[in-house]
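Quick notes on the structure that follows.
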Amino acid sequence: MPHTHTRGTHMLKILRLTAAAALGSSGLLGCGGESSDSESDDVVVTACNAAPDGGQPTASGTISNATSKDSGYTFRVQFLDPAGNEVSQGADAVAKVDAGGTATWDLEGASSANGPVTCKVTNITRTAVP
């Protein structure tokens, strides 16, 4: 069954910010964990939206685990302005995606952003879980 991650409480936001800090800001795809060439392709953005009132941008997407092991994922999403500058960021963790399965994710940027944004997934970590 797919995991659906929805926006949560203030505490969840703090956990996401902590996860973002732990992931660092190197901007490299596929760092750490159980890496492979396809790890960077596992996490895909399907929607990237600026808040119409200049509030926090949102992103959502899917994770496809093509490996033979159940895996957990952590990753960052950078929200970029039209010039490519980071205007906000968010991080998420999905505890388990079944081997060969998919999951959905949904996150909110940590800070407000004005104008249009694009999203870039970075710092993907995939770890085999029991």
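Could you give the length gained by full extension between Val129 and Ser112, i.e. 0.36 nm per residue of separation minus their alpha carbon distance, to one decimal place?
Extra length from Val129 to Ser112 when fully extended: 2.7 nm.
Classify segment 68-130 from the C-alpha gyration tensor, please: rounded if a/c falls under 1.5, else prolate or oblate depending on whether a/b exceeds b/c.
Taking the square roots of the gyration eigenvalues as a ≥ b ≥ c, segment 68-130 is prolate.
Quick note: the coordinates plus some simple rules give every number you see, no bench work behind them. These numbers come from a predicted model, not from an experiment.
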